[in-house]
Structures are given as C-alpha cells and as structure tokens.
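Everything below concerns the one structure shown next.
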Amino acid sequence: MENERKIAIVTGGSRGIGRAICVELGGSGCYVVVNYMGDRKGAEHTLSMVEAAGGRGEVYQFDVRDGPTAENVVEDIGDRFGRIDILVNNAGIIRDGLFMMMSPENWHTVVDTSLNGFYNMTRPVLEKMVRNRSGAIVSLSSAASLMPNRGQANYAAAKAGLNAASRAVAAEVARLGIRVNVVAPGLIETDMIADAPRDHIKTMIPMARIGRPDEVAGVVGFLCSEAASYMTGQIVSVNGGML
C-alpha cells in the first residue's frame, strides 16, 4: 500500500510549521518521512498526528547540514520505495544579532542549515525525481528575505539565497516534470517568535494578527499537489498582507 502513496520528505518536522506541513501532507494520503535533528519525542508526536490525519510515515534522525548523511538518507528512502515524490525543505534556525557583533558560528550555522541544507537534500532528491520525470519541491523561506530586518543579516542572507537557488533550479528541471517553489511566511505562531512583542507586531500586519502554522501548511500542500501543476519558480508569501 505504501507504494500507492506519494512519498514525501519533510525536514525539520518535529514542531511548528514543519509539523503542520507533515500533517497536511499526511491528510492528503502521503507517506511522510518526518526528519528531526534532536527532538525525537516531538517527531514521534508529529508522526502520530500524521497517522490521525489518515497518512502513514516514519521518523528519521539526521542533520541536513551533513551532506554525506543527507545523501545516504535519500538513497535509503529512494531504494526502499522506488521514488521520492515530494521534498519540503523546512529545517531552519535563527541566531539573531547585530551584524557587527555576529560570531562566525552564528553566521555559518544559520546559512548552513537553510541554504546548504537545501543543497544537501535537493540535489540527491532531484536525481530520484529525474528518473521518474515527476516531483514537487517546496522550500520554506521567510519574509525576512524580502524586507530588511535588524539583527537578521544571517537569516535574511540564507533565505534570500534559498529564493534565488530555488528559482534557478526550477528553470533547470521544469521540462523534466519537476516543480520547485518557495513559501515565504511572515510572522507565524511558533517557538521562533516566543519572545516577540506581539502587540507591536500586530500593528505591522494589515490582518492585525499573527499567522498559524496550518495556514502556511495549506499553501505548501497546494504547491505539492496537482492543483499547482502549472506553478514553478514562484515565491509565495503568506504574511497577512505585511508585504
């Protein structure tokens, strides 16, 4: 039965937007590989929500910054199922701070996770998708890649690079039946904004509220579906009108 389901990999699926995306894809009948780096309990909870939504799946621990390991994981999944239909590059972290005082570690950790993680996952997955001449890749960017934000030079650079790389890759593989798109959320109710001044934030958003993870996941699910079969190379903002 698993061979009749679409096979989806979601990086950073143990919480927040990643968890919501896993549940969205599970609800559409996918077999979801829930990637996590350290929070196994969170990943297992995500998997239980995927199954409750009607999907199936498994949890898989690895760090997207580790290129050889990421490639081995893709090989394993591809060998076991014969294909990979969907990849969602969601893993990302923040290490905010003014650029003049930003440590090399905080710069490289953020860039390595979002941008190099995109390379480490997308390149081997594309090899599988090219063989089947089909597939959908969606990467999670941020409103920070499209507007200036103090203290987030590392995050903005990583996500802007992700936007540009995704558009270039989309152009390369469009004729092979593979679609590559980006979703750029604004302020979403996750751990990343746990300490943010909510009342002030709401004044910057025309909808006057912070978004929910499932509102981002719904857009990702659409881009992974056949309903978006003529969409590729796009950056879709989900931000309550902030941009």
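The values are calculated or read from the model by the stated rules, or taken from the named source; none is laboratory data. All values reported here derive from a predicted model rather than from experimental measurement. Cβ: placed from backbone, ideal geometry, glycine included. Neighbour counts: every protein chain shown. To get the accessible areas, we keep the full protein, side chains included, count just its heavy atoms, and leave off ligands, DNA and RNA. Shrake-Rupley method; radii C 1.70, N 1.55, O 1.52, S 1.80 Å.
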Shape category assigned to region 99-243 from the gyration tensor of Cα positions, a/c cut at 1.5: oblate
Range of Cα positions in the chain per principal axis (Å), largest first: 49, 37, 35
Contact order normalised by residue count of the chain, Cα under 8 Å, 6+ apart, percent: 19
Spatially close lysines, pair count over the chain: Cα under 29 Å, gap of eight or more or interchain: 6
Residue list for region 213-243, given a label point 7 angstrom along the Cα-to-Cβ vector of Ile205 and an amide N cut-off under 17 Å: 213-220, 237-243
Global form of region 191-235, assessed from the alpha-carbon gyration tensor, a/c cut-off 1.5: prolate
Estimated distance in nm for a label pair at Arg212 and Arg80, the labels positioned 7 Å out from Cα along Cα-to-Cβ: 3.2
Rounded to 10°, Cα long-axis angle of helix 40-52 versus longest principal axis of the chain: 60
Cα gyration tensor shape of region 46-104, rounded if a/c is under 1.5, else prolate or oblate by comparing a/b with b/c: oblate
Taking all pairs of distinct alpha-carbon atoms in region 64-137, Kirkwood radius in angstrom: 13.5
Projected-area average for region 117-203 over all orientations - Cα convex hull basis, square nanometres: 6.6
Per residue, in Å², the accessible surface of region 102-236 once ligands and nucleic acids are set aside, probe 1.4 Å: 48
Along principal axes, Cα extents of region 2-106, largest first, whole Å: 52, 28, 20
Crossing angle, helix 117-132 versus the chain [Cα axis fit, 0-90 degrees, rounded to tens]: 30
